[in-house]
Every structure is written in C-alpha cells, then in structure tokens.
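The values are calculated or read from the model by the stated rules, or taken from the named source; none is laboratory data. Since this is a predicted model, take the numbers as computed values, not measurements. With ideal geometry, Cβ positions are generated from the backbone for all residues, glycine too; neighbour counts draw on all protein chains shown.
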Amino acid sequence: MRIFVTGATGFIGSAVVSELLTAGHEVLGLARTEEAASALLKAGAAVHRGSLDNLESLRSGAEISDGIIHTAFNHDFTNMTDAGVTDLRAVQAFGEVFAGSGRPLVVTSVIAHLAPGRISTEEDAPDANTAGKHRIASEEEALSLASKGVRVSVLRLPPSVHGAGDRGGFVPALINVAKRTGTSAYVGEGLNCWAAVHRLDAARLFRLALEAAPAGSKLHAIGEEGVSIREIAEVIGLNLDLPVISKSTEAAPGHFGWLTHFASQNIQASSKLTQELLGWKPEHADLLRDLEDNYFKN
C-alpha cells in the first residue's frame, strides 16, 4: 500500500516510515522544509510538500494514498489549545477524503487524557480534566469516522516514548531541568508513574494498526504500565553525578517550570487488549535501561 505519513521525519514518525518501508509498503511523507524532504528521500520515501496548517496539502496527499498514519502534532506547550484545534482540522480533512472508502486511517492520541491515578485501559473514555485534554476532540472526531466508511483506529501513546535520538520528549526535558538546576528531582515521594514504550515498538504497532485494526479501534502503545518518577530521577542523578532530591508540591513549579504538571502526574495504562487484538508485544529495551544506554552519551 501507499501510505501517507504526517510527522514523517519526527522522532516517532521516522521510525514509522522505516517500519513501513521494511514491511514492503510505499511511503509518502509530509514535508514542510527542504531538510525534511531530503531526510525522506534519503530514507527511501516519496515527498509530499505541505504542513498541518495547509489543509489542502493534507487532502491532496490523502487522495493519492491507500492509507494514512497521522503522527504529526505541534508540541507547543505554551499553546496546546491551538495545537489541538490544528490537529482536529487535520483529522477532519482526512475524514472528508476517506469517507466511504474503507481505507485505513491511524490517528495518534495520548493516554494522558484518561482518568489519572489508576491503570487505564483501551476501553476508558477521555476525561476533560486531564493534561491531555487538547487531544480529546481529535480522538472523538477520528472514532466518529468509523460510521462513515473509514477503517479508523486511534493509537494512544504514553508520556515516555523513548529510544536513541530522543531530544524533545519528557525524559530529555527532565534531564535538561537537572542540568540547569544542579539537582535531579521528583515531587513528594516520587511514587507517581509514567507509562512508557520504546519508539520501535510503537512504530510496529502503528503498522499493525494500519494493516489490521478494525474500524473504531482504540489501541494502547504501552510497553511498561508505569515507571516511577523517582526511579527516573535516580538514574538521571547517577549519570549526571547530581544529588537526587524531593520537591514539595509548592516548590515544584520553581524547579520544573512548565514540566511541573507532568512531573506530578500518575499516568499509567495497560496494553493488554491491544496485544490480544493485534498480536503485538513490546520487544525493545525498557525505559530505565534505555536511559542508561542512550541518554547520557553527549
């Protein structure tokens, strides 16, 4: 199949492109810049010029494709509301083109919009009071396309999608805070946890979703149901030779800045139903081992 991939040169999207090409699919990657276009050509993919803000470019890419994997998102943490609106409009554009065709569309979402404080499952509905609320409208729009003749699936990612080359994720953000402040910290007792997955395992699940997920599927790319923030902080402190300390809820904003909310959250989830549905199983390194191997070499 010829697959249109948005975010095709990003940390996750580039792994998806490689996974698809290895499996024998053709890839048409969305490229906003010359640098992105060159990277796609080097990887063996075709280039489609455009951006998330250019809906006509999204529609034209969809029209000439057999399927879509939508991984792009504007991760501007100062304005996530607008980023969510842009994402919603992109999903709507894809739905307009794919309606009635039966073609597969895989839309990226997050587990952070599910109820915190417990291990969430694929059957859980989004909660508007959570950190990932900006993704809710896109997820709901995507799932509604199942009734319009689109083989759509929603693939929810955990807070940590890790692996070599990770520069913009939450774990690198924690490392940068530690370097800036001279301490590796957690909030309170640090027992709150983040679910995690290796990006290569996530990429394989994107492919499986494209190839086989039934319309309306909600999938969880979860390799580990929860890794405590304290454990993450301890590995960071050890590798940077920095003290590991606790920050009170009141003091946390002064240390973590914009990352405070995420560093304080308990965002856990299961992928049991996804594994049963698609035969997917995580195979790559867990988060703490990956931290040791790939996050402190420079």
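Here are some residues: 63, 139. Which one is of a type in the set (Asp, Glu), out of contact with any Gly (no Cβ under 7 Å at 6 or more places or on another chain) and more than 21 Å from residue 27 (Cβ to Cβ)?
Selected residue: 139, the only one of 63, 139 that is of a type in the set (Asp, Glu), out of contact with any Gly (no Cβ under 7 Å at 6 or more places or on another chain) and more than 21 Å from residue 27 (Cβ to Cβ).
Can you name every residue in region 37-88 that is in contact with a Phe, Trp or Tyr (Cβ under 6 Å, 6 or more places away or on another chain) and touching a residue at least 60 places away in the same chain (Cβ under 8 Å)?
Answer for region 37-88, where residues must be in contact with a Phe, Trp or Tyr (Cβ under 6 Å, 6 or more places away or on another chain) and touching a residue at least 60 places away in the same chain (Cβ under 8 Å): 65, 68, 69, 77.
For residue 256, work out the one condition from (1) hydrophobic (A, V, I, L, M, F, W, C); (2) assigned by TED's automatic domain parsing to the domain that holds residue 6; (3) in a helix (DSSP H, G or I) it doesn't fulfil.
Every listed condition holds for residue 256 apart from (2).
Residue-by-condition table, conditions (1) assigned to a helix (DSSP H, G or I); (2) over 20 Å from the mean Cα position of the chain (by Cα); (3) at negative phi; (4) not assigned by TED's automatic domain parsing to the domain that holds residue 82:
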position: 134; (1), (2), (3), (4): yes, no, yes, no
position: 145; (1), (2), (3), (4): yes, yes, yes, no
position: 152; (1), (2), (3), (4): no, no, yes, no
position: 172; (1), (2), (3), (4): yes, no, yes, yes
position: 175; (1), (2), (3), (4): yes, no, yes, yes
position: 180; (1), (2), (3), (4): yes, yes, yes, yes
position: 201; (1), (2), (3), (4): yes, no, yes, no
position: 205; (1), (2), (3), (4): yes, no, yes, no
position: 211; (1), (2), (3), (4): yes, no, yes, no
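Taking into account only those residues within region 66-117 that are of a type in the set (S, T, N, Q) and part of a helix (DSSP H, G or I), which is nearest to residue 212 (Cα to Cα)?
That would be 92.
Take residue 49 and decide whether it is modelled with pLDDT under 95 and either touching a strand residue (DSSP E or B) at 6+ places or on another chain (Cβ under 8 Å) or crowded, with 20+ Cβ neighbours inside 10 Å (or both).
no
Please go through region 225-253 and pick out each residue that is of a type in the set (A, V, I, L, M), in a helix (DSSP H, G or I) and under 17 Å from residue 194 (Cβ atoms).
Of everything in region 225-253, those that are of a type in the set (A, V, I, L, M), in a helix (DSSP H, G or I) and under 17 Å from residue 194 (Cβ atoms) turn out to be 229, 232, 233, 235, 236, 252.
Just one of 188, 237 is free of Cβ contacts under 8 Å to residues at least 60 places away in the same chain, more than 30 Å from residue 8 (Cβ to Cβ) and not aliphatic (A, V, I, L, M); which is it?
After ruling out the rest, the residue left standing is 237.
Being in contact with a His (Cβ under 8 Å, 6 or more places away or on another chain), closer than 27 Å to residue 271 by Cα and at pLDDT below 95 is the requirement here; does residue 169 meet it?
yes
Out of (1) modelled with pLDDT of 95 or more; (2) crowded, with 23+ Cβ neighbours inside 10 Å, the odd one out for residue 93 is which?
The failed condition is (2).
Filter region 66-121 for residues that are within 25 Å of residue 26 (Cα to Cα) and of a type in the set (Val, Ile, Thr); which is farthest from the chain's Cα centre (by Cα)?
So, considering only residues that are within 25 Å of residue 26 (Cα to Cα) and of a type in the set (Val, Ile, Thr), the one farthest from the chain's Cα centre (by Cα) is 97.
Inside region 90-141, can you point out the residues that are of a type in the set (Gly, Ala, Ser) and over 23 Å from residue 160 (Cα atoms)?
Within region 90-141, 90, 93, 95, 99, 100, 101, 102 meet the criteria.
Quick one: is residue 123 more than 25 Å from residue 7 (Cα to Cα) and modelled with pLDDT of 95 or more?
Answer is yes for this residue.
Name the single residue, out of those in region 14-36 being in contact (Cβ under 8 Å) with a residue 24 or more places away in the chain and closer than 18 Å to residue 93 by Cβ, that is surrounded by the fewest Cβ atoms within 10 Å (Cβ to Cβ).
By that ranking, first place goes to 28.
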